[in-house]
Amino acid sequence: MPGEQIVVNDQILHDYVANIFLTAGSNDREARLVARHLVDANLRGHDSHGVGSIPVYIRNLSCGDLRPNEGLSVVTETDSLAVCDGNGGYGQVMAHDAMEIGIAKARRNGVALIGLRNSHHVGRIGHWSEQCAAEGLVSIHFVNVVSDPSVAPFGGAAARVGTNPFSVGIPRAGERPLILDFATSKLAVGKVRVAMNSGKPLPEGALLTADGTPTTDASVLFGQPKGILLPFGDHKGWGLSFVCEVLGAALIGGQTQKGPKRRNSTINCMLSIIVSPDHLGTAATLSPEIDEFVAWVRSGPNADVLLPGDVEAALTEERLARGVPIDPKSWADIVAAGRQVGAEPPSRLSRTAAGVAGL
Ligand code: NAD
């Protein structure tokens, strides 16, 4: 449904989203962690993993597939590794707390390996890279998705896996961290949903109908029979997706995708490797070395080369200043989900220098 975007100030949006989750039964900390994560995803330009996820989360809550106020259980632990179970609770809390454990271990031992299994959707994986980078730590994250399979393996003609994301975060002295973060499918499912809600066609070559015909119609992914997404980079994206499934889940005792969807919720498992440059003895040289490398790749005709995280940093600056745009269909769905649990939308959506103003 094309139409004028609704633009919401990020702080007003955050408070509204936190109130939805509070009203839906979360404690204050959980409501705030989920709201911060979702609004940050919108600020970074990843609307697919932002507040548009609220209707799905509320649906999963109401059918008991998402469990509010769950705590993380540590299943296996040594000085430098931990495997945690998210108990089907909010991934925004489970991954946050798992990263806290990993950050403390990496600070003590130089490196930490953290497994998080059986968590509800952990959202935008770059958020977890950012959490580690804010502590001066490098991190690598392999994630699997157990849900309705949506992506065909390279060479296959049926959906067998999820969009299995991968992320790397690298802190940089005096600069924002480098944050590489993407789905291993050509498009994340949420991006297809946003395109459908906005009435926009998909780029060519990302989606097939169930019988294998290429299509740019986003609604095909949500129809019956369901369309099929393709991995990015042919065999290379498929290979990375495969190792996300095996390292992100099987290695840490999490479940892999082995059949059609059995529950409403999306379950994520994540393997995170967190490394301290201090312990490696490279804390002082890492940033200057990156700076020289970046100067080289940007020299000559490559002057416009973007680094991992540049797009998101520019969008964050813009959206903090101008507000978060949300398509009318997604906004209506969010408001309906909020009302379902008893949360009313804010009466005013933007702030001006003079205070809060109407639209
Ligand atoms: P994307 O295709 O937008 O790629 C983003 C990455 O590419 C970023 O690192 C960005 O800085 C970089 N980038 C973008 N444009 C660039 C350019 N012109 N030059 C250089 N680098 C550039 O991301 P996506 O695949 O649509 O993924 C969106 C989000 O979905 C991610 O945050 C991902 O973690 C999330 N996701 C989550 C799940 C889950 O189950 N939790 C599943 C899939 C995806």
With a 1.4 Å probe and all protein chains left in place, how much of the accessible area of the stretch 69-124 comes from carbon and sulfur atoms, in whole percent? 46 percent
So for the chain, averaging the separation of alpha carbon pairs under 8 Å that are six or more residues apart and normalising by length, what relative contact order in percent results? 24 percent
If you roll a 1.4 Å probe over the stretch 186-230 with all protein chains in place, what percent of the accessible area is carbon or sulfur? 60 percent
State in Å² the accessible area per residue of the chain; use a 1.4 Å probe, count heavy atoms of protein chains only, and round to the nearest integer. 44 Å²
Kindly state, to the nearest 0.05, the FRET efficiency for T78 paired with T213, given R0 = 30 Å and r defined as their beta-carbon distance. 0.05
In the stretch 292-338, the trypsin sites (Lys or Arg not before Pro) that sit in a DSSP loop and have at most 14 other Cβ atoms within 10 Å of their own Cβ are R298
Across all directions of projection, what mean area in square nanometres is found for the Cα convex hull of the chain? 19.0 nm²
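Below 14 angstrom from the Cβ of V311, what's the summed charge of the other residues (Lys, Arg +1; Asp, Glu -1)?
Once all neighbours under 14 Å are counted, the net charge is -2.
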Write down, largest first, the equivalent ellipsoid semi-axes of the stretch 186-230 in whole Å, where each equals the square root of 5 times an eigenvalue of the alpha-carbon gyration tensor. 15, 11, 9
Between A134 and E4, what is the label-to-label distance in nm when each label sits 7 Å out along the Cα-to-Cβ direction? 3.6 nm
Considering the chain as a Gaussian network with a 10 Å cut-off on Cα pairs, which listed residue, G223, G233, G248, attains the greatest mean-square fluctuation? G223
Across A183, A152, A284, the residue with the highest GNM fluctuation in the chain (Cα network, 10 Å cutoff) is A284
Net +/- balance of residues flanking R108 in space, Cβ distance below 14 Å, scoring K and R +1, D and E -1: -3
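The values are calculated or read from the model by the stated rules, or taken from the named source; none is laboratory data. Values in this document were obtained by computation on a predicted structure and should not be read as measured data. Note: ideal-geometry Cβ built from the backbone for every residue, glycine included; neighbour counts use all protein chains shown. Areas reflect the complete protein model, heavy atoms only, side chains present, ligands, DNA and RNA absent. Shrake-Rupley method; radii C 1.70, N 1.55, O 1.52, S 1.80 Å.
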